[in-house]
Amino acid sequence: MRKLTILNLAGVTILAAGILGSNISYAKTSQLTAVPVDAERIYYSDSQSYHKPGSPIRYAYSMPKNIAVGDIVTIDLTLLTPFQSGDLRVDCTVKGDVNLIANSGQTNFNMSRGNEHEMPVTFTVNSLGRHYIQVQAVSDASDRGPSFRAFSIPVQVGPKQAPAPHPGLQRTASGDMVISLKAIEDIK
């Protein structure tokens, strides 16, 4: 019996992806460039991003390791598109107590000028906790029409905090923890 190593598995996966993707006429063969390791920033590569149905846009980003309230923070976002023509529109919004700096988070790219598009997203942080930069990218390739890709970039400010317990959490006489909710039952 032969053992399948991770290296062999990776080679088979790459070979299968090449065979299956070879008939796609709009694909380019380029990878995200490697980013140097820096003690002050955290790098998230494309291999860590979750792929959903939609536009085949891949992404990577880096941000400072330590973020404090009041900081002005820049996320270096890189989008990789497989298209040789068309436009890429990127719009960022926030969820949480952060504010985008004016003219940051909205950009248009011409995809015929290359497949790697770099975009700084700058914002201010107003409170501790977990906040999100939400990114929506719309690729409008001339031969395919518009296609969407959405993802969120988590921004942790200060130490991670445990979520507050549910207000209905109670301990029963037997010691079990249960959540008690009020309900109205309508029997007919």
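Checked against (1) loosely packed, with under 14 Cβ neighbours inside 10 Å; (2) within 17 Å of residue 59 (Cβ to Cβ); (3) of a type outside the set (A, V, I, L, M); (4) touching a residue at least 60 places away in the same chain (Cβ under 8 Å), residue 93 meets all criteria but (4).
Considering only the stretch 1-93, give the strands (runs of 3 or more DSSP E) lying wholly within it that have at least 3 residues that are closer than 18 Å to residue 151 by Cβ and modelled with pLDDT under 85.
41-44
A count restricted to the stretch 100-130 and to residues that are modelled with pLDDT under 90 and outside any strand (DSSP E or B) stands at 9.
When residues of the stretch 61-77 are filtered for being at negative phi and open to solvent by 20 Å² or more (accessible area, probe 1.4 Å), how many remain?
Residues in the stretch 61-77 being at negative phi and open to solvent by 20 Å² or more (accessible area, probe 1.4 Å): 10 in total.
Of all the numbered requirements in (1) farther than 17 Å from residue 146 by Cβ; (2) basic (Lys, Arg); (3) touching a strand residue (DSSP E or B) at 6+ places or on another chain (Cβ under 7 Å), residue 113 misses one, and that requirement is (3). Residues of the stretch 96-130 being open to solvent by less than 50 Å² (accessible area, probe 1.4 Å), over 20 Å from the mean Cα position of the chain (by Cα) and without any contact (Cβ under 8 Å) to a residue 24 or more places away in the chain, which ones? Across the stretch 96-130, the qualifying residue is only 114.
Residues in the stretch 151-188 that are open to solvent by 60 Å² or more (accessible area, probe 1.4 Å), at pLDDT 85 or above and among the small types (Gly, Ala, Ser): 173, 174, 183. Reported count of residues in the stretch 133-150, each being surrounded by fewer than 11 Cβ atoms within 10 Å (Cβ to Cβ) and in a loop (DSSP other than H, G, I, E, B), is 1. Of the residues making up the stretch 131-188, those that are touching a residue at least 12 places away in the same chain (Cβ under 8 Å) and of a type in the set (Val, Ile, Thr) are 133, 135, 138, 153, 155, 157, 179. So for the stretch 159-166 (the condition being in contact with a Lys or Arg (Cβ under 6 Å, 6 or more places away or on another chain) and farther than 15 Å from residue 81 by Cα), does at least one residue qualify? Within the stretch 159-166 (the criterion being in contact with a Lys or Arg (Cβ under 6 Å, 6 or more places away or on another chain) and farther than 15 Å from residue 81 by Cα), the answer is no, since none of the residues qualifies.
The values are calculated or read from the model by the stated rules, or taken from the named source; none is laboratory data. Remember, predicted model here, so these are calculated numbers, not experimental data. Cβ coordinates were reconstructed from backbone atoms using ideal geometry, including for glycine residues, and neighbour counts include every protein chain displayed. Side chains included, ligands, DNA and RNA excluded: accessible areas come from the protein's heavy atoms. Shrake-Rupley method; radii C 1.70, N 1.55, O 1.52, S 1.80 Å.
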